[in-house]
Amino acid sequence: MEDDAPVIYGLEFQARALTPQTAETDAIRFLVGTQSLKYDNQIHIIDFDDENNIINKNVLLHQAGEIWHISASPADRGVLATCYNRTCCCVLSLDSFVALGKSAAQLLKALETPSDSKVLTCAAVWRMPKELESGSHESPDDSSSTAQTLELLCHLDNTAHSNMACVVWEPMGDGKKIISLADNHILLWDLQESSSQAVLASSASLGGKGQLKFTSGRWSPHHNCTQVATANDTTLRGWDTRTMSQIYCIENAHGQLVRDLDFNPNKQYYLASCGDDCKVKFWDTRNVTEPVKTLEEHSHWVWNVRYNHSHDQLVLTGSSDSRVILSNMVSISSEPFGHLVDDDDISDQEDHRSEEKSKEPLQDNVIATYEEHEDSVYAVDWSSADPWLFASLSYDGRLVINRVPRALKYHILL
């Protein structure tokens, strides 16, 4: 099989939640959460054997509900968080039926069809079985194995809220700080007692007219991990986690709903966003009047954008047009001339104009368009163990693992 050939895995369930395992490990591992109303939902642990180009999987039951978002602890290989749907049903009491003169048959029908139901999106922290924490290159025999269950560590209590959009971990921490976005609230939690208890440390709320709701958020790896960016409607906001105060705001960042955002891992003021206007935009948070760069390569909503963890010129996007696009955004990367530079270097360029002529920034371009999916691509992400490998997930449950083209890989390295 060719080195750059994609590897495809079918979950047999609809799915839209994907994350790499981020705690230190040499194993290439992704976690995928399913969405099923009929069967128990599952988390598929996908271990990729790079030498043999095969996928090995283990399955964990997630009986709490449909999984809308999943994230892995950066410090503990066995701990993860999910956002999931839970339906609360309310029916009229027997006394109420008697008072209303209803018949027994009507009561039975009402019990079978709840008169009022409300779907809550909740969040919880879980631990997988110990034997599954490390990467494995051996899948259990499907004919004899049964799915194992997750251990519930704690709920991120959202009694006052009904819509938990996502959960993000402090990226460089000990796995004890976590943020959840619920309705119009940003909630900072401290995980205590081996993550068995979540204590609300601080919170902030969106102000304004209408029913404002967060759609996504990311924790910056810069500034000593004291900044978080969030998206709501068409707006991007930055928050200082020490004071839970707003530090910047990009209104009308997109023409329609913002779906996702990500921080450049090497440039502390740069972030990318994407949305329903089919665009991907790159921002310098020191000057938010207009984007630094805009991509318009997708033909439908863009659900996901991810910077490569090591080589920030490599940017992945996934869309409802069923395509995954790998872009080379080298002109606004930390290596615009093919070597590492910082903002101070760029500001000093006027003193070296003669040298600049021979060192023009490399050109941005689309590296590759991947069309292995037949349904909306809701998630894309890079492997934490191999910077040249990434996964994409479409709603029909198809997971595709791809690699950066070898020619580009060698060009970047050499």
*Conditions: (1) surrounded by fewer than 20 Cβ atoms within 10 Å (Cβ to Cβ); (2) not in a loop (DSSP other than H, G, I, E, B). GLY255 meets all but one. Number of the miss?*
(2)
_Which numbered condition in (1) open to solvent by 10 Å² or more (accessible area, probe 1.4 Å); (2) out of contact with any strand residue (DSSP E or B) (no Cβ under 7 Å at 6 or more places or on another chain); (3) at pLDDT below 95 is the only one that ARG286 fails?_
(3)
*Which of the residues spanning segment 258-269 are open to solvent by 30 Å² or more (accessible area, probe 1.4 Å) and either in contact with a strand residue (DSSP E or B) (Cβ under 8 Å, 6 or more places away or on another chain) or closer than 12 Å to ARG306 by Cα (or both)?*
ARG259, PRO265, TYR269
*Go through segment 1-50 and count every residue that is over 20 Å from ALA64 (Cβ atoms), of a type outside the set (Asp, Glu) and part of a loop (DSSP other than H, G, I, E, B).*
8
*Only one of these is in contact with a strand residue (DSSP E or B) (Cβ under 6 Å, 6 or more places away or on another chain), surrounded by 19 or more Cβ atoms within 10 Å (Cβ to Cβ) and closer than 20 Å to LYS130 by Cβ: HIS69, HIS62. Name it.*
HIS62
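For segment 272-279, does any single residue satisfy the condition of being in contact with a Gly (Cβ under 7 Å, 6 or more places away or on another chain) and not in a strand (DSSP E or B)? Don't jump to the end; show me each part of the working.
Keep residues of segment 272-279 that are in contact with a Gly (Cβ under 7 Å, 6 or more places away or on another chain), which gives 277.
Those left that are additionally not in a strand (DSSP E or B): 277.
Yes, some residue in segment 272-279 is in contact with a Gly (Cβ under 7 Å, 6 or more places away or on another chain) and not in a strand (DSSP E or B).
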*Among the numbered criteria (1) surrounded by fewer than 18 Cβ atoms within 10 Å (Cβ to Cβ); (2) of a type in the set (A, V, I, L, M); (3) farther than 25 Å from SER394 by Cβ; (4) modelled with pLDDT of 90 or more, which single criterion is violated by LEU94?*
(4)
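Across segment 382-400, what is the number of residues that are open to solvent by 10 Å² or more (accessible area, probe 1.4 Å) and closer than 17 Å to TRP68 by Cα? Outline the logic, then answer.
Pass one, segment 382-400, residues open to solvent by 10 Å² or more (accessible area, probe 1.4 Å): 384-388, 395-396, 398.
Still in the running and closer than 17 Å to TRP68 by Cα: 395-396, 398.
So the answer is 3.
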*Would you mind stating whether ASP47 is of a type in the set (Asp, Glu), modelled with pLDDT under 95 and over 16 Å from the mean Cα position of the chain (by Cα)?*
no
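Per-residue answers, yes or no, for (1) under 17 Å from the mean Cα position of the chain (by Cα); (2) assigned to a loop (DSSP other than H, G, I, E, B); (3) at pLDDT 95 or above; (4) surrounded by fewer than 21 Cβ atoms within 10 Å (Cβ to Cβ):
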| site | (1), (2), (3), (4) |
| --- | --- |
| SER354 | no, no, no, yes |
| PRO361 | no, yes, no, yes |
| ILE367 | no, no, yes, yes |
| GLU372 | no, yes, yes, yes |
| VAL380 | yes, no, yes, no |
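For (1) of a type in the set (Ser, Thr, Tyr); (2) open to solvent by 50 Å² or more (accessible area, probe 1.4 Å); (3) more than 22 Å from ASN224 (Cβ to Cβ), each residue gets a yes or a no:
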{"position": "VAL167", "(1), (2), (3)": "no, no, no"}
{"position": "GLU170", "(1), (2), (3)": "no, no, no"}
{"position": "ILE179", "(1), (2), (3)": "no, no, no"}
{"position": "ASP183", "(1), (2), (3)": "no, no, yes"}
{"position": "LEU187", "(1), (2), (3)": "no, no, no"}
{"position": "GLU193", "(1), (2), (3)": "no, yes, yes"}
{"position": "GLY207", "(1), (2), (3)": "no, yes, yes"}
{"position": "GLN211", "(1), (2), (3)": "no, yes, yes"}
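Taking the criterion of being under 20 Å from LEU181 (Cα atoms), open to solvent by 20 Å² or more (accessible area, probe 1.4 Å) and either part of a strand (DSSP E or B) or out of contact with any Leu (no Cβ under 8 Å at 6 or more places or on another chain) (or both), would at least one residue in segment 311-329 satisfy it? Before the answer, list the steps.
Initial filter on segment 311-329 (under 20 Å from LEU181 (Cα atoms)): none.
For segment 311-329, residues under 20 Å from LEU181 (Cα atoms), open to solvent by 20 Å² or more (accessible area, probe 1.4 Å) and either part of a strand (DSSP E or B) or out of contact with any Leu (no Cβ under 8 Å at 6 or more places or on another chain) (or both): absent.
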*Tell me which residues, restricted to segment 234-252, are surrounded by fewer than 20 Cβ atoms within 10 Å (Cβ to Cβ) and part of a loop (DSSP other than H, G, I, E, B).*
THR234, ARG242, THR243, MET244, GLU251, ASN252
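Is it true that GLN246 is among the polar types (S, T, N, Q), modelled with pLDDT of 95 or more and in contact with a Gly (Cβ under 6 Å, 6 or more places away or on another chain)?
On the way: among the polar types (S, T, N, Q): yes; modelled with pLDDT of 95 or more: yes; in contact with a Gly (Cβ under 6 Å, 6 or more places away or on another chain): no.
Answer is no for this residue.
The values are calculated or read from the model by the stated rules, or taken from the named source; none is laboratory data. Computed from a predicted model, the values in this text were never measured in an experiment. Every residue, glycine as well, gets a Cβ built from its backbone with ideal geometry; the counts of neighbours run over all protein chains shown. With ligands, DNA and RNA removed, areas are computed over all heavy atoms of the protein, side chains included. Shrake-Rupley method; radii C 1.70, N 1.55, O 1.52, S 1.80 Å.
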